[in-house]
Every structure is written in C-alpha cells, then in structure tokens.
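The values are calculated or read from the model by the stated rules, or taken from the named source; none is laboratory data. Given the structure is predicted, the values throughout are model-derived calculations rather than measurements. Here the Cβ positions follow ideal geometry from the backbone for every residue, glycine too, while neighbour counts run over all protein chains shown.
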Amino acid sequence: MGVERTLPNRKENKALHPSPEETNSISKPRKCRRRHRKMSPVQKLYETCKVVFSLCGAGVVPSSEDIQKLCSVLDAMRPVNVGLTPEMPYFRLTTARRSPPITYLHLFECDKFSMGIFCLPPSGVIPLHNHPGMTVFSKLLFGTMHIKSYDWVDAPEKTSTIENQQPATENPIPSEVNAVLPPATRLAKVKVDADYTAPCNTSILYPTDGGNLHCFTALTACAVLDVLGPPYSDPDGRHCQYYLDFPFSQFTVDGVSIPEEEKEGYAWLQEIEKPDELAVVGELYRGPKIQEK
Ligand SMILES: [Fe+2]
C-alpha cells in the first residue's frame, strides 16, 4: 500500500547507524574475537530476497522452492530481530480518531523487491488495497489481526510464472455486468476472512490468487513485516488502489447468479480514492542494520 513521502532516506539511516568499526574505535580489539559472526535474521532475509526475486518482475511469481526458502526465513523472524517491542510508541493509541495513524518502517527497496514493517496501534486499519502484479509475503510479528482478502473473479491481467505452481482460477460467473452496478465496481471472491495471532506462519498473496486485495484490522497492537516483489512503482503502472466492498446481494446484475449458500463468499469491490482517514507515516528503521550488497 502507499506510504506518504515522509520516509527517511538511506543516507540518514546510515548516519544514525554507525558501523561497528566506528562505534568501537576506542576499544582494544579482543584477542579471541570470533572470525565469523553469525548473520543476523534481517540480513538473512535481505540476502534471501536478493536471490528469490533476482529473476522476478511484474506478474512473475518466484518458484515454489524459492517461496519455501523465503517463507522459512520469515517464519523464524521475531520482533526482536527488527528491534521492535509492543511497548514502543508506534503501537500506542494516542488519538480518539476512528482510524489511528499507522507507522511504516522502511527496511530496503530496489527495483526487484521491497521490505518494510507496518506498526499498527489497536484498532488501526489498513484499508482494502491491491498489489498489482506482485507476490507479497506478510509476516505478523506480534499481535492479533483480522485479515480479509479477495481475488478478482475475472482476473484482469495474465500472470506468467517461473514455475506453473498456482492453482487454476475458478471463474464460475460471467464477467459482464450491467449499469445497476456503481462505476469501477467488479466482482471478487473472498479468500480469507479470519483472525491471526502471532506467532503464525507467513501469508502469501500472488498476482491473481491468494487474496491479492486485502484489508488489515488490528485487534491489538500489531507489527507486520511485508516483503513485496516487485514493489509498487507509479512509473511502471503498479499503483496502490483502494476499494470499498459491498455484499454480493447489494446489487442485482443480469447474468450473474450465485447459489444462496455461497453468496457470503463473494463481494462487489468499488475502486475509490485513497481514504481520507488513512494516515501512514514513515519513520526511521532503527533495528539491526542491513548490509547492502
Ligand atoms: Fe498490502
């Protein structure tokens, strides 16, 4: 999802995270210093992403082997690995607003992938939004979050895969709609509608499957580590778009019918402007340093 352009740049980040050589410049070297330090989890994540997304682009999904590799790294991530605790100010409810501000900690971005953490106070909402052409890995680091996600019934774009490992998209419903529907409204199928409590496994969205459109609602303070491949890019046409969801029964559309018992599993999604109440503020990531390679 989009973040206001208040993200700290990496030069600032480096200035506030001096290297070990700089911070230890007046201490004497230890005689028995270990030659090989263990790689930090966040460094391992960065290096795994470099490999996993090296051949990827819009609409291209990593191989199932690479997806497993990245999931196992993310599954092992804990808040302490990125310098977070639930007691930090980002997670405090400091306003009576219906939708409290959300903090985004930028870890890394290149043209292949991005990594960042959304910090949500209790009742924080990341409204329904899409991830065009992207594969998205989300790891809930702590807290309880309600996730609702959808896939389009008529996939808008073709997806090429490095390895054809996605299940076929069901399309039981004609895609034509009539004028009864509001403009920019399309049919979507519910993929996930459930509460998640950390520690839980990483969830994955694919370009046309897995719940490519999702909404997060924090039931307690939450931190979510997101990896996007490729990242949003306005010049490349990968915009973050926002949606409102309406129950299937709200509109009558000729030629579109769903058995009564399955109607709960579908919704009409209308594209909207970025909601006014959404406030995402970029803050400097102060966790363990990532050594870019
Ligand atoms: Fe998202």
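Say we look at the range 51-74 and pick out the residues that are surrounded by 15 or more Cβ atoms within 10 Å (Cβ to Cβ) and not in a helix (DSSP H, G or I); which of these is modelled with the lowest pLDDT?
Once the filter is applied, the top-ranked residue is Cys56.
So, of the residues in the range 75-106 that are in contact with a helix residue (DSSP H, G or I) (Cβ under 7 Å, 6 or more places away or on another chain) and of a type outside the set (S, T, N, Q), which turns out to be surrounded by the most Cβ atoms within 10 Å (Cβ to Cβ)? Write out each step before concluding.
Residues of the range 75-106 that are in contact with a helix residue (DSSP H, G or I) (Cβ under 7 Å, 6 or more places away or on another chain), as a first pass: 76-77, 81-82, 85, 103.
From what is left, the residues that are of a type outside the set (S, T, N, Q) are 76-77, 82.
Numbers: Ala76: 14, Met77: 18, Val82: 22.
Ranking the qualifying residues of the range 75-106, first place goes to Val82.
What is the one condition in (1) among the small types (Gly, Ala, Ser); (2) at positive phi; (3) surrounded by fewer than 17 Cβ atoms within 10 Å (Cβ to Cβ) that Gly133 does not satisfy?
(3)
Can we say Ala223 is touching a Cys at 6+ places or on another chain (Cβ under 8 Å) and of a type in the set (Gly, Ala, Ser)? Before you say what the answer is, go through the steps one by one.
Details: touching a Cys at 6+ places or on another chain (Cβ under 8 Å): yes; of a type in the set (Gly, Ala, Ser): yes.
When the stated conditions are applied, Ala223 passes them.
Can you confirm whether Gln270 is surrounded by fewer than 14 Cβ atoms within 10 Å (Cβ to Cβ) and either over 30 Å from Tyr46 (Cα atoms) or touching a Phe, Trp or Tyr at 6+ places or on another chain (Cβ under 9 Å) (or both)? Break it down into steps so the answer makes sense when it comes.
On the way: surrounded by fewer than 14 Cβ atoms within 10 Å (Cβ to Cβ): no; either over 30 Å from Tyr46 (Cα atoms) or touching a Phe, Trp or Tyr at 6+ places or on another chain (Cβ under 9 Å) (or both): yes.
No: the conditions fail for Gln270.
I'm told Thr48 meets every condition in (1) within 21 Å of Gln291 (Cα to Cα); (2) surrounded by fewer than 20 Cβ atoms within 10 Å (Cβ to Cβ); (3) out of contact with any helix residue (DSSP H, G or I) (no Cβ under 6 Å at 6 or more places or on another chain) except one. Can you identify the failing condition by its number?
So Thr48 meets the others, but not (3).
Looking only at the range 43-77, which residues are in contact (Cβ under 8 Å) with a residue 12 or more places away in the chain and hydroxyl-bearing (Ser, Thr, Tyr)?
Tyr46, Thr48, Ser54, Ser63, Ser64
Mind checking which residues of the range 205-220 are in contact with a Ser or Thr (Cβ under 6 Å, 6 or more places away or on another chain), more than 17 Å from Cys71 (Cβ to Cβ) and part of a loop (DSSP other than H, G, I, E, B)?
Answer for the range 205-220, where residues must be in contact with a Ser or Thr (Cβ under 6 Å, 6 or more places away or on another chain), more than 17 Å from Cys71 (Cβ to Cβ) and part of a loop (DSSP other than H, G, I, E, B): Pro207, Thr208, Leu219, Thr220.
Looking at Val125, Val136, Val80 in this structure, which one is free of Cβ contacts under 8 Å to residues at least 40 places away in the same chain and not hydroxyl-bearing (Ser, Thr, Tyr)?
Working: Val125 fails: free of Cβ contacts under 8 Å to residues at least 40 places away in the same chain; Val136 fails: free of Cβ contacts under 8 Å to residues at least 40 places away in the same chain.
Val80 is the lone residue from the list that is free of Cβ contacts under 8 Å to residues at least 40 places away in the same chain and not hydroxyl-bearing (Ser, Thr, Tyr).
Residues to consider are His146, His106; find the one that is over 25 Å from Phe53 (Cβ atoms) and more than 10 Å from the ligand (Cβ to nearest atom).
Details: His106 fails: over 25 Å from Phe53 (Cβ atoms).
It is His146.
Tell me, please, whether a residue that is over 16 Å from the mean Cα position of the chain (by Cα) and among the hydrophobic types (A, V, I, L, M, F, W, C) can be found in the range 221-231.
Keep residues of the range 221-231 that are over 16 Å from the mean Cα position of the chain (by Cα), which gives 221.
Those left that are additionally among the hydrophobic types (A, V, I, L, M, F, W, C): 221.
Checked against the condition, which is being over 16 Å from the mean Cα position of the chain (by Cα) and among the hydrophobic types (A, V, I, L, M, F, W, C), the range 221-231 yields at least one hit.
Just a yes or no: is a residue in the range 71-85 β-branched (Val, Ile, Thr) and over 19 Å from the mean Cα position of the chain (by Cα)?
So the first thing to find is which residues in the range 71-85 are β-branched (Val, Ile, Thr), and the list is 73, 80, 82, 85.
Now restrict to residues that are over 19 Å from the mean Cα position of the chain (by Cα): 80, 85.
Among the residues of the range 71-85, at least one is β-branched (Val, Ile, Thr) and over 19 Å from the mean Cα position of the chain (by Cα), which makes the answer yes.
Pull up the range 218-237, narrow it to residues that are farther than 27 Å from Ser54 by Cα and surrounded by fewer than 18 Cβ atoms within 10 Å (Cβ to Cβ), then point me to the one that is nearest to the ligand (Cβ to nearest atom).
The residue in question is Leu219.
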